[in-house]
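The values are calculated or read from the model by the stated rules, or taken from the named source; none is laboratory data. What you see is a predicted model; the values in this text were computed from it and never measured. When we count neighbours, we look across all protein chains shown, and the Cβ atoms used for this are built from the backbone with ideal geometry, even at glycine.
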Amino acid sequence: MTVMTRKTATMVPALATGPSLHQRYRALLDGPDAASAEWLQAQLARVQHVSDDLPSDPAQLQAWSAQHAAQVAATYADYLEQRRQGAPRRFFSSRAQALWFLQQVAPTKAVDGAWLHSTLRHWADPRYHGLIRTYLEELGGGDPRCNHVLIYQRLLSRLGCLQQPGLDDERYLQGALQLALGQHGEAFLPEVIGYNLGYEQPPLHLLITTYELAELGIDGHYFQLHVTIDNAASGHAHLSIQALRQLCPAAGQRAFYERVRLGYRLNDLGVDTPSLISRFDLQAELLKVLEHKRNFGQFMHSDHCRLQQRTINQWLAEPGAMPGFLEALQAQGWIRRGEEPARSRWWKLIDGPSAPMYGVFTAYEKQVWHDWIAAGWNACVRRIRPGSWEVPLQVEDLPTADAQGDDIDALIARMAGNRHATPEGLQATRAYLRATGLIQEGPR
């Protein structure tokens with residue numbers, strides 16, 4: 001699943017009343033939040049008069065989805081041709097920008113598929129099986145190698161981006177919406193179906209993101225996985241339309257479909273992916289990093305080193321002085337912008353296990369430094385190693401569960417939000433599959 005798949009010409013701006021979006025997101029992650037039902041209703045009211053591109057007749061949805069997929073494929077083919085003719089990357093001008101983007105969307109990726117959680121309770125009703133199958137595939141069937149949340153967490157870990165910077169509150173909007181829909185799906189079933197319908201249509205930005213991440217030496221498996229699994233022929237996009245057909249009541253079809261369209265429009269709340277990516281400003285991001293570090297480093301330096309007659313401690317003690325600090329580093333030759341960063345004295349202070357300032361900057365922050373110093377220097381992309389390690393979970397490492405002895409409601413509770421990505425949640429997912437008989441057999 002992807003971040004906000006279809007977009008109208010004008011996005012609906014984020015609006016938070018009461019608790020901040022971040023606070024609401026955290027509360028929903030912690031467990032049932034009754035107040036979120038009213039908040040969800042308020043979000044639906046905000047899109048009441050927003051237009052969408054869905055056909056007026058739900059019978060035309062299959063053709064609509066096929067046309068959407070064909071249009072995305074054609075536009076992507078044009079993008080590839082432009083790249084072959086020498087056009088620059090459309091999304092990521094630098095590796096630092098790509099890492100920034102991966103962190104910005106992390107709150108949504110951390111709850112991938114959460115809006116479908118309530119469907120698990122209907123495992124005995126075949127009409128729900130398409131939605132349930134979609135959710136279980138997001139959970140990787142309890143296999144840590146396939147769980148989408150874990151795949152993304154491992155990606156951030158490998159890139160050294162687990163210590164995410166402070167994010168704008170709106171970055172939690174889509175995650176909060178998904179969690180709220182998952183918690184209140186019984187009362188908002190048409191809206192859940194509609195949101196799922198919009199979210200599962202393969203978008204152009206997903207294809208471009210996958211392509212450009214690979215160019216920058218970043219593992220795009222998470223994104224490539226969603227290119228294939230969301231396909232309109234037999235994947236999640238197909239299942240979303242099938243679920244609408246099966247769950248739409250014979251009586252009141254028009255009212256049901258109108259609610260579906262409201263849920264679909266929830267995808268338009270917030271900032272679309274291309275607009276989010278375009279917000280990145282390399283210099284502003286570097287200054288943000290320095291301002292954050294300034295608070296911790298203003299008493300940590302000796303006075304023998306001076307820049308333009310000021311000690312490092314004096315530079316760091318003054319709020320808002322970091323632009324001048326960068327200029328001073330360049331004026332005294334510590335940084336040689338537009339050249340290979342390794343030729344700058346400053347880079348040698350922060351990069352490498354024997355560097356005097358080893359560990360002061362995270363892998364992401366060092367990438368920002370690298371790309372800012374390089375400033376268009378024509379060389380292959382430098383990958384900053386995080387210096388961390390991880391031991392990926394293996395299925396055999398996890399405890400087993402006796403499906404006969406498990407209470408189905410307890411299993412479902414452990415599969416909510418992103419708790420399914422914990423060892424206990426992975427165990428619960430596998431037990432749920434056994435207890436419900438929904439284990440999918442492969443070819444023999």
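Answer yes if at least one residue in the stretch 101-123 is on the phi < 0 side of the Ramachandran plot, assigned by TED's automatic domain parsing to the domain that holds Gln201 and free of Cβ contacts under 8 Å to residues at least 12 places away in the same chain, and no otherwise.
Looking only at the stretch 101-123, we keep the residues that are on the phi < 0 side of the Ramachandran plot, and these are 101-112, 114-123.
Filter once more, so that each one left must be assigned by TED's automatic domain parsing to the domain that holds Gln201: 101-112, 114-123.
With the extra rule that they be free of Cβ contacts under 8 Å to residues at least 12 places away in the same chain, the set shrinks to 122.
The answer is yes, given that some residue of the stretch 101-123 is on the phi < 0 side of the Ramachandran plot, assigned by TED's automatic domain parsing to the domain that holds Gln201 and free of Cβ contacts under 8 Å to residues at least 12 places away in the same chain.
Conditions (1) of a type in the set (A, V, I, L, M); (2) farther than 17 Å from Glu291 by Cα; (3) out of contact with any strand residue (DSSP E or B) (no Cβ under 6 Å at 6 or more places or on another chain), marked per residue:
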{"position": "Asn313", "(1), (2), (3)": "no, no, yes"}
{"position": "Leu316", "(1), (2), (3)": "yes, no, yes"}
{"position": "Pro319", "(1), (2), (3)": "no, no, yes"}
{"position": "Ala328", "(1), (2), (3)": "yes, no, no"}
{"position": "Ile335", "(1), (2), (3)": "yes, yes, yes"}
{"position": "Gly338", "(1), (2), (3)": "no, yes, yes"}
{"position": "Ala342", "(1), (2), (3)": "yes, yes, yes"}
{"position": "Trp347", "(1), (2), (3)": "no, yes, yes"}
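Going through Ile193, Ile218 one at a time, which residue ends up being closer than 24 Å to Pro107 by Cα and touching a Gly at 6+ places or on another chain (Cβ under 7 Å)? Give the derivation first.
Working: Ile218 fails: touching a Gly at 6+ places or on another chain (Cβ under 7 Å).
Checking each option against the conditions leaves just Ile193.
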- [ ] Give the residues of the stretch 81-92 that are in contact (Cβ under 8 Å) with a residue 12 or more places away in the chain and of a type outside the set (Lys, Arg), sorted by residue number.
- [x] Phe91, Phe92
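Got a number for residues in the stretch 140-150 being aliphatic (A, V, I, L, M) and either in contact with a Gly (Cβ under 8 Å, 6 or more places away or on another chain) or at pLDDT below 95 (or both)? Break it down into steps so the answer makes sense when it comes.
Start the filter on the stretch 140-150 by keeping residues that are aliphatic (A, V, I, L, M), which leaves 149-150.
Still in the list and also either in contact with a Gly (Cβ under 8 Å, 6 or more places away or on another chain) or at pLDDT below 95 (or both): 150.
Residues meeting the conditions: 1.
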Open item on the list: Just to check your reading of the model, which residue among Val105, Val50 is β-branched (Val, Ile, Thr) and surrounded by fewer than 21 Cβ atoms within 10 Å (Cβ to Cβ)?
Closed with: Val50
Open item on the list: Take the residues in the stretch 191-220 that are surrounded by fewer than 21 Cβ atoms within 10 Å (Cβ to Cβ) and over 23 Å from Ser275 (Cβ atoms); name whichever of them is nearest to the chain's Cα centre (by Cα).
Closed with: Asp219
Open item on the list: For the structure I just gave you, tell me whether His221 is over 17 Å from Tyr135 (Cα atoms) and touching a Pro at 6+ places or on another chain (Cβ under 7 Å).
Closed with: no
Task: Residue match in the stretch 254-277 (condition: more than 29 Å from Asp112 (Cα to Cα), more than 22 Å from the chain's Cα centre (by Cα) and at pLDDT 90 or above) - done: yes
- [ ] Would you mind stating whether Gln43 is buried (at least 21 other Cβ atoms within 10 Å of the Cβ), within 23 Å of the chain's Cα centre (by Cα), assigned to a helix (DSSP H, G or I) and not hydrophobic (A, V, I, L, M, F, W, C)?
- [x] yes
- [ ] Could you figure out which of (1) surrounded by fewer than 19 Cβ atoms within 10 Å (Cβ to Cβ); (2) touching a residue at least 40 places away in the same chain (Cβ under 8 Å) isn't true of Asp281?
- [x] (2)
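Modelled with pLDDT under 85, closer than 30 Å to Glu137 by Cβ and surrounded by 15 or more Cβ atoms within 10 Å (Cβ to Cβ): which single residue out of Asp402, Asp406, Asp397 fits that description? Reasoning before the result, please.
Numbers: Asp402 fails: surrounded by 15 or more Cβ atoms within 10 Å (Cβ to Cβ); Asp397 fails: surrounded by 15 or more Cβ atoms within 10 Å (Cβ to Cβ).
Sole residue among the options that is modelled with pLDDT under 85, closer than 30 Å to Glu137 by Cβ and surrounded by 15 or more Cβ atoms within 10 Å (Cβ to Cβ): Asp406.
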TODO: Looking at (1) assigned to a helix (DSSP H, G or I); (2) under 24 Å from the mean Cα position of the chain (by Cα); (3) surrounded by 18 or more Cβ atoms within 10 Å (Cβ to Cβ), find the lone condition where Asp112 falls short.
DONE: (1)
TODO: Spot the failing condition for Leu181; the list is (1) at pLDDT 95 or above; (2) under 21 Å from Val271 (Cα atoms); (3) within 15 Å of the chain's Cα centre (by Cα), and only one is missed.
DONE: (3)
TODO: Could you tell me whether any residue of the stretch 415-431 is surrounded by 22 or more Cβ atoms within 10 Å (Cβ to Cβ), more than 26 Å from the chain's Cα centre (by Cα), modelled with pLDDT of 95 or more and assigned to a helix (DSSP H, G or I)?
DONE: yes
TODO: Output the number of the condition that Tyr135 fails; it satisfies all remaining conditions of (1) in a loop (DSSP other than H, G, I, E, B); (2) crowded, with 21+ Cβ neighbours inside 10 Å.
DONE: (1)
TODO: Give the residues of the stretch 278-325 that are at pLDDT 95 or above and not in a helix (DSSP H, G or I), sorted by residue number.
DONE: Arg279, Phe280, Asp281
TODO: Go through (1) at pLDDT 80 or above; (2) loosely packed, with under 14 Cβ neighbours inside 10 Å one by one and return the number of the condition Phe361 breaks.
DONE: (2)
Open item on the list: Just the residues that are part of a helix (DSSP H, G or I) and over 25 Å from the mean Cα position of the chain (by Cα), please, taken from the stretch 78-99.
Closed with: Asp78, Glu81, Gln82, Arg83, Arg84
